[in-house]
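The values are calculated or read from the model by the stated rules, or taken from the named source; none is laboratory data. On a predicted model such as this, the values are computed, not experimentally measured, just so you know. We place every Cβ from the backbone using ideal geometry, glycine too, and count neighbours over all the protein chains shown. Surface areas here come from the heavy atoms of the whole protein model, side chains and all, with no ligands, DNA or RNA. Shrake-Rupley method; radii C 1.70, N 1.55, O 1.52, S 1.80 Å.
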Amino acid sequence: MTAPLDLKTPFSDPGAIASYADRTRRLVPGWDDLHKMVTLLVAEGAPDDARILVVGAGGGAELDALARSHAGWRFLGVDPSAPMLELARALLGPRADRVEFHEGYVASASAGPFDAATCLLTMHFVPHAERLATLREIHRRMKPGAPFVMAHMSFPQAPAERDAWLGRYAAFAIASGVDPDAARRAAAAIGANLPLVAPEDEEALLAQAGFGGTRLFYAGLAFRGWVATAWLRPSASDCDALGR
């Protein structure tokens, strides 16, 4: 059995970092297929020689899937955790030569412009007050019309529904071999500490940040994934819908 991530020291504990890939596969429904879907969605709009921004690149699974799929793609991998970036380098092996690693946040990363961007299992750690600013920093680094794919924990936030989805998160973890008590403690910690956002609010934030054509492509119990397009600016109709 394995234990879920300790939210107090999520990306600094050596044991947690070493077991990151195996643990995440047990907690996120369809983990491997999620990466396959992200690669396909990026390929719909990115050229063969694309430069791609990967936000939350630590661990390297996302980078590795993208790099394996297209030999001509190059990447900027952004993550504030040096140990997680080292894990990514180790996983990528020779493919790391196509990645520029940036230890820090997207606001201090290269201005691009990028042909595509991804952000997996990261945005649910970003505080509410910083969520829109983070999405805008991603958007302003992207070429107009470039695809953006993001996926993370997101579910209805009304109290009763929230509790039900957290229970499902724990139930999936237990079914995947996580110690039951540890899974329930992790679900309670997530509910108490993560700045979760309901799916409809996620889509509104994407629109406010300048993304359009947003479509849900993945729903894995407590997790959701969207693909959107970087607009030059929000359309007049969307500004009206947002009251701006």
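Being touching a Lys or Arg at 6+ places or on another chain (Cβ under 7 Å), open to solvent by less than 40 Å² (accessible area, probe 1.4 Å), in a helix (DSSP H, G or I) and within 22 Å of Thr24 (Cα to Cα) is the requirement here; does Ala151 meet it?
Values: touching a Lys or Arg at 6+ places or on another chain (Cβ under 7 Å): yes; open to solvent by less than 40 Å² (accessible area, probe 1.4 Å): yes; in a helix (DSSP H, G or I): no; within 22 Å of Thr24 (Cα to Cα): yes.
It is false that Ala151 is touching a Lys or Arg at 6+ places or on another chain (Cβ under 7 Å), open to solvent by less than 40 Å² (accessible area, probe 1.4 Å), in a helix (DSSP H, G or I) and within 22 Å of Thr24 (Cα to Cα).
Looking only at residues that are closer than 17 Å to Asp115 by Cβ and surrounded by 21 or more Cβ atoms within 10 Å (Cβ to Cβ) in the stretch 65-85, which one is farthest from the chain's Cα centre (by Cα)?
Trp73
Give the residue that is farthest from Arg136 (Cα to Cα), with candidates limited to residues of the stretch 87-117 that are part of a strand (DSSP E or B) and of a type in the set (A, V, I, L, M, F, W, C). Show your work before the answer.
Quick first cut of the stretch 87-117, residues part of a strand (DSSP E or B) only: 99-103, 114, 116-117.
Cutting the leftovers down to of a type in the set (A, V, I, L, M, F, W, C) gives us 99, 101, 114, 116-117.
Numbers: Val99: 23, Phe101: 21, Phe114: 14, Ala116: 14, Ala117: 12 Å.
So the residue we want is Val99.
Given the options Leu120, Leu91, Leu85, name the one that is under 15 Å from Leu63 (Cβ atoms) and in contact with a His (Cβ under 8 Å, 6 or more places away or on another chain). Outline the logic, then answer.
Working: Leu91 fails: in contact with a His (Cβ under 8 Å, 6 or more places away or on another chain); Leu85 fails: in contact with a His (Cβ under 8 Å, 6 or more places away or on another chain).
Matching residue, one of Leu120, Leu91, Leu85: Leu120.
Which of the residues belonging to the stretch 118-148 are open to solvent by less than 60 Å² (accessible area, probe 1.4 Å) and assigned to a loop (DSSP other than H, G, I, E, B)?
Within the stretch 118-148, Leu121, Thr122, Val126, Pro127, Arg141, Gly145, Ala146 qualify.
Which count do you get for residues in the stretch 32-86 that are part of a loop (DSSP other than H, G, I, E, B), in contact (Cβ under 8 Å) with a residue 12 or more places away in the chain and either more than 14 Å from Glu100 (Cβ to Cβ) or not aromatic (Phe, Trp, Tyr) (or both)? First the steps, then the outcome.
Going through the stretch 32-86, the residues part of a loop (DSSP other than H, G, I, E, B) turn out to be 46-50, 56-60, 70-73, 80-81.
Next, only the ones that are in contact (Cβ under 8 Å) with a residue 12 or more places away in the chain stay: 46-50, 56-60, 70, 72-73, 80-81.
Applying the additional criterion that residues be either more than 14 Å from Glu100 (Cβ to Cβ) or not aromatic (Phe, Trp, Tyr) (or both) yields 46-50, 56-60, 70, 72, 80-81.
Residues flagged as part of a loop (DSSP other than H, G, I, E, B), in contact (Cβ under 8 Å) with a residue 12 or more places away in the chain and either more than 14 Å from Glu100 (Cβ to Cβ) or not aromatic (Phe, Trp, Tyr) (or both) within the stretch 32-86 amount to 14.
Kindly establish whether Ala88 is buried (at least 22 other Cβ atoms within 10 Å of the Cβ), under 19 Å from Met150 (Cα atoms) and touching a Phe, Trp or Tyr at 6+ places or on another chain (Cβ under 8 Å). Spell out the reasoning first.
Numbers: buried (at least 22 other Cβ atoms within 10 Å of the Cβ): yes; under 19 Å from Met150 (Cα atoms): yes; touching a Phe, Trp or Tyr at 6+ places or on another chain (Cβ under 8 Å): yes.
Yes.
Identify all residues within the stretch 155-184 that are in contact (Cβ under 8 Å) with a residue 60 or more places away in the chain and open to solvent by 50 Å² or more (accessible area, probe 1.4 Å); write none if there are none. Even if it seems obvious, please write down each step before you answer.
As a first pass, look at the stretch 155-184 and keep what is in contact (Cβ under 8 Å) with a residue 60 or more places away in the chain: 155, 169, 172-173, 176-179, 182-183.
Once the filter is applied, which keeps residues that are in contact (Cβ under 8 Å) with a residue 60 or more places away in the chain and open to solvent by 50 Å² or more (accessible area, probe 1.4 Å), the stretch 155-184 yields Phe172, Asp179.
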